[in-house]
Amino acid sequence: MSLNYIKNFYEGCVKPPTVIGQFHTLFFGSVRMFFLGVLGFAVYGNEALHFSCDPDRREINLFCYNQFRPITPQVFWALQLVIVLVPGATFHLYAACKSINQECILQKPIYAVIYILSILLRISLEVIAFWLQIHLFGFQVKPLYLCDAESLGKKFTIIRCMVPEHFEKTIFLIAMYTFTVITMVLCVAEVFEIIFRRLCFLIKH
């Protein structure tokens, strides 16, 4: 029985009941994760090593880098991907435990409403992540970062630091913003598809 639960859960996650949901899963699971995993590592993988300040001392570089990056973009986006997946995964786990077919989700009002709520929660999480990304990273990575190093001692106040590959990072930031916006648009479109298909189902019956 437990194997059937796992099978139903897997099928629900991989093949949602809506056409837009299936496209979103393909887009979300393949393109976005590939972009983050492969290109993200190439752009941000050695950022801390090449982040240099004047004076170029290891403890100063580490202090200023931690100030420049309270959280690394890769970790932030990985957490975003995982957290955004939680509402859909929770619903499909519930559907698997209740042995609910994907077709029944759109046919029964209660299941359709719960599924829509999971999509709306996903949208809310994407909006929060979008706002946090703006707050943490902005829209542009500048080549020069001014580090407030007053806590290191009277000898240091403002330290100039060079940010490596700032232009590539700016392009990557814009791409991640674009992915988030596209995901939100797909989620909204999926809600409308569910409503449309529910109306068609009610008209036929």
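Values quoted throughout were computed directly from the atomic coordinates according to the rules given, and no laboratory measurement underlies them. On a predicted model such as this, the values are computed, not experimentally measured, just so you know. Note: ideal-geometry Cβ built from the backbone for every residue, glycine included; neighbour counts use all protein chains shown.
What the table shows:
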read-out	value
Cβ-defined net charge surrounding Cys187, 9 Å radius [Lys, Arg +1; Asp, Glu -1]	-1
The chain - Rg and Dmax from Cα coordinates, angstrom	22.3, 79
Packing-based order for 137-148, 59-70, using average beta carbon neighbours within 10 Å, highest first	59-70, 137-148
Choice from Tyr177, Tyr44, Tyr94 with maximal GNM fluctuation in the chain (Cα, 10 Å cutoff)	Tyr94
Given 16 as the ceiling on other Cβ atoms within 10 Å, longest exposed-site-free region of the chain for trypsin sites (Lys or Arg not before Pro) in DSSP loops	1-56
Lysine pairs with alpha-carbon atoms under 14 Å apart, the chain, spacing 8 or more or separate chains	4
Cα gyration tensor shape of segment 61-150, rounded if a/c is under 1.5, else prolate or oblate by comparing a/b with b/c	prolate
